[in-house]
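One structure is given here, and the rest of the page talks about it.
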Amino acid sequence: MKILVTGGAGFIGSEFVRQAIKREIELVVVDKLTYAGDLERLKEVKDTISFYKADITNKEFIGYIFQKEKPDVVVHWAAESHVDRSILDATPFIDTNVKGTQVLLDIAKKHDIEKFINIATDEVYGELGKEGEFYEDTPLNPSSPYSVSKASADMLGRAYYRTYDLPVITVRPSNNYGYWQYPEKLIPMVILKALKNEVIPVYGRGENVREWLFVSDCVEAVIEIINRGKAGEVYNIGSGEERTNIEVVKSILDILDKPESLIEYVQDRPGHDFRYALNIDKIKKEMGWRAKIRFEDGIEKTVQWYIENIEWVEKKIHYLQQYWKETYK
Ligand SMILES: NC(=O)c1ccc[n+]([C@@H]2O[C@H](COP(=O)([O-])OP(=O)(O)OC[C@H]3O[C@@H](n4cnc5c(N)ncnc54)[C@H](O)[C@@H]3O)[C@@H](O)[C@H]2O)c1
């Protein structure tokens, strides 16, 4: 089996690449290497993959790659993924997440693809109150420009299944955390600030709830779905490990033995969804999959990894500061 992976130099995509290589799967990785992409994440597998620096919105180049590589399966991770950025400027989100997905689907339909795994997110469902959970057939009701762009891509994939019989499978994972996550996201940002004894900003009162899925668990679920998922179906992937943001922050401070006085509550993000929670009976029943890593273990491993890889994180932070200055001046 030959898999074409988009966004393979990103946080979750690179974990997918590492795990697929261990299973001796042939891989073609396509990534634009935006500020969020980094080939360092692929250093241990770089000699075993074919890599193309390419933008998924570039029809000609993506068409050429499909023609040349003839993949059997597509796993589409590439996206603009940071909600806060989408609030500042939705344009790259619509370009990559919507148009880029459409380009890939159009090209895939001209080739003999066995499966197209379209990675969506739990955020497409919108927000929940304190009770309840999202099922695969819950109507989509996204809130942020990011989640709207992901919901559009999600629906496009399902439309290509219905209209053209393209074997699209839609996957909606919950919040991932773990090694190599870009330090603009909550968990790595908190670890880094705590290590430097800097103030840790927390939106609102930190009461928003997310379901935390360790990145290797997410990728194992996607590999199961490649092997056993059915075309046209949607699969939620969650861990059941719900935590408020403030609980997450406090558990990191606790591991690092840092004081809670570092926390500073700041004005909430506009349109901030209160809670997401996924029902995962479908993947459990059909594939026997469930997350292996408990939050307490995963967060400990993650903190340890960031301590050991602090140089990489510092480099990213430096780059990020420059990037923010230039992009949002
Ligand atoms: N991180 C999470 O908690 C989470 C949860 C659910 C779903 N997802 C989805 O999983 C996927 C991966 O998320 P992530 O956190 O690894 O994201 P990330 O931002 O770390 O990585 C995205 C990758 O896509 C690449 N990319 C961006 N625009 C591109 C373009 N136009 N052409 C080619 N490559 C491009 C980037 O260079 C980067 O390597 C995304 O689709 C995201 O929406 C993420």
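The values are calculated or read from the model by the stated rules, or taken from the named source; none is laboratory data. On a predicted model such as this, the values are computed, not experimentally measured, just so you know. A quick note on method: Cβ atoms are made from the backbone with ideal geometry, for glycine too, and the neighbour counts reach across all protein chains shown.
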Scan segment 229-249 for residues that are under 30 Å from Tyr160 (Cβ atoms) and free of Cβ contacts under 8 Å to residues at least 40 places away in the same chain and report the count.
0
Condition check for Asn141: under 25 Å from Gly240 (Cα atoms), within 15 Å of the ligand (Cβ to nearest atom), at pLDDT 95 or above and among the polar types (S, T, N, Q)
no
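Anything in segment 17-31 that is in contact (Cβ under 8 Å) with a residue 60 or more places away in the chain and more than 25 Å from Ile310 (Cβ to Cβ)? List them, or say none. First the steps, then the outcome.
We begin by selecting, within segment 17-31, every residue in contact (Cβ under 8 Å) with a residue 60 or more places away in the chain; these are 19-20, 23.
Scanning segment 17-31 gives Ala20, Arg23.
Would a scan of segment 159-181 turn up a residue that is of a type in the set (A, V, I, L, M, F, W, C), outside any loop (DSSP other than H, G, I, E, B) and free of Cβ contacts under 8 Å to residues at least 12 places away in the same chain?
Checked against the condition, which is being of a type in the set (A, V, I, L, M, F, W, C), outside any loop (DSSP other than H, G, I, E, B) and free of Cβ contacts under 8 Å to residues at least 12 places away in the same chain, segment 159-181 yields at least one hit.
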Within segment 163-206, the residues that are under 25 Å from Phe134 (Cα atoms) and either within 9 Å of the ligand (Cβ to nearest atom) or basic (Lys, Arg) (or both) are Val171, Arg172, Pro173, Ser174, Asn175, Asn176, Tyr177, Lys185, Arg205
For segment 62-86, which positions are surrounded by 16 or more Cβ atoms within 10 Å (Cβ to Cβ), of a type outside the set (Ser, Thr, Tyr) and farther than 27 Å from Glu224 by Cα?
Val83, Arg85
One residue from Ile226, Ile252 being touching a residue at least 40 places away in the same chain (Cβ under 8 Å) and either closer than 13 Å to Gly298 by Cβ or surrounded by 23 or more Cβ atoms within 10 Å (Cβ to Cβ) (or both):
Ile252
Considering only segment 179-194, how many residues are farther than 19 Å from Asp84 by Cα and either polar (S, T, N, Q) or modelled with pLDDT under 95 (or both)?
0
Selection within segment 163-182 - over 10 Å from the mean Cα position of the chain (by Cα) and of a type outside the set (Asp, Glu):
Thr163, Tyr164, Leu166, Pro167, Val168, Ile169, Thr170, Val171, Gly178, Tyr179, Trp180, Tyr182
Glu123: buried (at least 22 other Cβ atoms within 10 Å of the Cβ), among the acidic types (Asp, Glu), within 16 Å of the ligand (Cβ to nearest atom) and in contact (Cβ under 8 Å) with a residue 40 or more places away in the chain, yes or no?
yes
